[in-house]
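Trainee: Take a look at this one; I'll ask things after.
The values are calculated or read from the model by the stated rules, or taken from the named source; none is laboratory data. This is a predicted model, so every value here is computed, not measured. With ideal geometry, Cβ positions are generated from the backbone for all residues, glycine too; neighbour counts draw on all protein chains shown.
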Amino acid sequence: MVMAIRVHETGGPGVMKWEEVSVGDPGPGEARIRHTAIGLNFIDTYFRSGLYPAPNGLPFTPGNEGAGVVEAVGEGVEHVAVGDRVAYAGPPGAYSEIRNIPAGILVKIPQGVSDDIAAAMMLKGMTARYLLRKTFMIDAGTVLLFHAAAGGVGLIAGQWARHIGATVIGTVSSPEKAELARANGYDHVINYKTENFVERVNEITDGAGCDVVYDSVGKDTFPASLDCIKPLGTWVSFGQSSGALPDINLGILSQKGSLFATRPTLFAYISTREDLEETAGDLFDVVASGAVKISVNQTYPLKEAVRAHEDLEGRKTTGQTVLKP
């Protein structure tokens, strides 16, 4: 008997049900893995709520990252074998004890990295990597603002950006989260509940503004984020945890200083095997070196995914969260 979380209709956390599912043999190009840990991400709530349509319609199993052990492989699979410890960020379906998955998205977990850490960091860590090293190539002279600094991506990005030598500014919603952000690479932390983050960024940068703003919050930080960016700077919108952005008149970018704007997604940056291995390899390297530490701050039984989603959307979580089958 294999159990999984299933969503038969989109909506709030309560639509997720703990049900028995059938998992057959892997097909050509697939591997069957038994999960040992599953990462929790805000994108999971987007699919559950219907903000993002599930790729194969309803019903579906949520979850976009996990780690586990290969139990079987289908025809043509050569880069992973039975018994390998593997991790992935990929299509929904992770909230299950066992699943079949395209083997091409699996990467082997190196020695010294636990399954919990691998599951917790694949989506968020590879997101931090493409944001900092591809979407906008930061360096030691970069001044950046990262919203939701105490979130999963934010804590990884803060450490990674500090390691590179950038000046790292972050926003948070509480004194506790501010302390956490400071401990994870942020030079300056702004509590947007008690401070005007545009005014504080202006003070911190002596009026110059930031080279880039990374914004996964959405509605609550737009268009104020644009006022934090220096002329010819870049606004990176990669999420909308507070709600969808309004329709945007591109003319606002010229008014704010001929800004660049982009709405990237991780999967465009790891669409080829070469890009996936490069991205995951860089992530494993900085974690193995100790430059970036992954903190799993919450763990829930997989069957309690409803409670995990409630806490995530209620902003009661920090850092990484893992669901355990």
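Trainee: Could you grab the pairs with beta carbons closer than 6 Å, sequence gap of 6+ or different chains, first residue in the range 59-78 and in the same structural domain as G29 (by TED's automatic domain parsing), second one outside any strand (DSSP E or B) and of a type in the set (V, I, T)?
Mentor: What qualifies is N64/I43; V70/V80; V70/V82.
Trainee: Would you confirm, using the coordinates I've provided, whether Y88 is more than 23 Å from S242 (Cα to Cα), crowded, with 24+ Cβ neighbours inside 10 Å, free of Cβ contacts under 8 Å to residues at least 40 places away in the same chain and in the same structural domain as V286 (by TED's automatic domain parsing)? Step through it out loud before you land on a result.
Mentor: Details: more than 23 Å from S242 (Cα to Cα): yes; crowded, with 24+ Cβ neighbours inside 10 Å: yes; free of Cβ contacts under 8 Å to residues at least 40 places away in the same chain: yes; in the same structural domain as V286 (by TED's automatic domain parsing): yes.
Considered against the rule, which asks whether it is more than 23 Å from S242 (Cα to Cα), crowded, with 24+ Cβ neighbours inside 10 Å, free of Cβ contacts under 8 Å to residues at least 40 places away in the same chain and in the same structural domain as V286 (by TED's automatic domain parsing), Y88 comes out as yes.
Trainee: If you don't mind, there's one more thing I want to ask. Check S225 against each of (1) within 15 Å of T262 (Cβ to Cβ); (2) modelled with pLDDT under 95 and name the one condition it does not meet.
Mentor: (2)
Trainee: Related question: Among the residues of the range 144-165, what is the count of those that are surrounded by fewer than 24 Cβ atoms within 10 Å (Cβ to Cβ) and either hydrophobic (A, V, I, L, M, F, W, C) or closer than 22 Å to G209 by Cβ (or both)?
Mentor: Keep residues of the range 144-165 that are surrounded by fewer than 24 Cβ atoms within 10 Å (Cβ to Cβ), which gives 159, 162-165.
So of that shortlist, the ones also either hydrophobic (A, V, I, L, M, F, W, C) or closer than 22 Å to G209 by Cβ (or both) come out as 162, 164-165.
Count: 3.
Trainee: Is one or more of the residues making up the range 275-285 among the acidic types (D, E), out of contact with any Leu (no Cβ under 7 Å at 6 or more places or on another chain), exposed (fewer than 12 other Cβ atoms within 10 Å of the Cβ) and in a helix (DSSP H, G or I)? Steps first, answer last, please.
Mentor: Of all residues in the range 275-285, those among the acidic types (D, E) come to 275, 277-278, 282, 285.
With the extra rule that they be out of contact with any Leu (no Cβ under 7 Å at 6 or more places or on another chain), the set shrinks to 275, 277-278, 282, 285.
Checking which are exposed (fewer than 12 other Cβ atoms within 10 Å of the Cβ) leaves us with none.
For the range 275-285, residues among the acidic types (D, E), out of contact with any Leu (no Cβ under 7 Å at 6 or more places or on another chain), exposed (fewer than 12 other Cβ atoms within 10 Å of the Cβ) and in a helix (DSSP H, G or I): absent.
Trainee: Only one residue in G14, G63, G76 is surrounded by fewer than 17 Cβ atoms within 10 Å (Cβ to Cβ), among the small types (G, A, S) and either over 24 Å from the mean Cα position of the chain (by Cα) or part of a loop (DSSP other than H, G, I, E, B) (or both). Which one?
Mentor: Working: G14 fails: either over 24 Å from the mean Cα position of the chain (by Cα) or part of a loop (DSSP other than H, G, I, E, B) (or both); G63 fails: surrounded by fewer than 17 Cβ atoms within 10 Å (Cβ to Cβ).
So the residue among G14, G63, G76 that is surrounded by fewer than 17 Cβ atoms within 10 Å (Cβ to Cβ), among the small types (G, A, S) and either over 24 Å from the mean Cα position of the chain (by Cα) or part of a loop (DSSP other than H, G, I, E, B) (or both) is G76.
Trainee: So, of the residues in the range 168-192 that are aliphatic (A, V, I, L, M) and not in a loop (DSSP other than H, G, I, E, B), which turns out to be surrounded by the fewest Cβ atoms within 10 Å (Cβ to Cβ)? Spell out how you get there, then give the answer.
Mentor: Within the range 168-192, the subset aliphatic (A, V, I, L, M) is 168-169, 172, 178, 180-181, 183, 189-190.
Subset that is not in a loop (DSSP other than H, G, I, E, B): 168-169, 172, 178, 180-181, 189-190.
Details: V168: 27, I169: 27, V172: 25, A178: 20, L180: 24, A181: 29, V189: 22, I190: 25.
Checking each candidate, the answer is A178.
Trainee: Starting from residues that are touching a helix residue (DSSP H, G or I) at 6+ places or on another chain (Cβ under 8 Å) and surrounded by fewer than 16 Cβ atoms within 10 Å (Cβ to Cβ), keep the ones in the range 262-274 and report whichever is nearest to I164 (Cα to Cα).
Mentor: Residues of the range 262-274 that are touching a helix residue (DSSP H, G or I) at 6+ places or on another chain (Cβ under 8 Å), as a first pass: 262, 264, 266, 269-270, 273.
Remaining after also requiring surrounded by fewer than 16 Cβ atoms within 10 Å (Cβ to Cβ): 262, 273.
Numbers: T262: 22, R273: 26 Å.
Within the range 262-274, the match that is nearest to I164 (Cα to Cα) is T262.
Trainee: Also, I was wondering about something else. Got a sec? Which of R129, R162, R99, R133 is of a type outside the set (A, V, I, L, M, F, W, C), outside any helix (DSSP H, G or I) and at negative phi? Quick ask: steps written out before the conclusion?
Mentor: Values: R129 fails: outside any helix (DSSP H, G or I); R162 fails: outside any helix (DSSP H, G or I); R133 fails: outside any helix (DSSP H, G or I).
The unique qualifying residue is R99.
Trainee: Another one. What number of residues within the range 193-227 satisfy the criterion of being assigned to a loop (DSSP other than H, G, I, E, B) and in contact (Cβ under 8 Å) with a residue 24 or more places away in the chain? Can you show your working first?
Mentor: Keep residues of the range 193-227 that are assigned to a loop (DSSP other than H, G, I, E, B), which gives 193-196, 205-209, 216-218, 222-223.
From what is left, the residues that are in contact (Cβ under 8 Å) with a residue 24 or more places away in the chain are 205, 208-209, 216-218, 222-223.
The total comes to 8.
Trainee: Go through (1) over 19 Å from W18 (Cβ atoms); (2) more than 14 Å from the chain's Cα centre (by Cα); (3) buried (at least 19 other Cβ atoms within 10 Å of the Cβ) and name the single condition G319 misses.
Mentor: (2)
Trainee: Could you grab me the full set of residues in the range 218-254 that are loosely packed, with under 13 Cβ neighbours inside 10 Å, of a type in the set (D, E, K, R) and over 24 Å from G314 (Cα atoms)?
Mentor: Passing the criteria: only D247.
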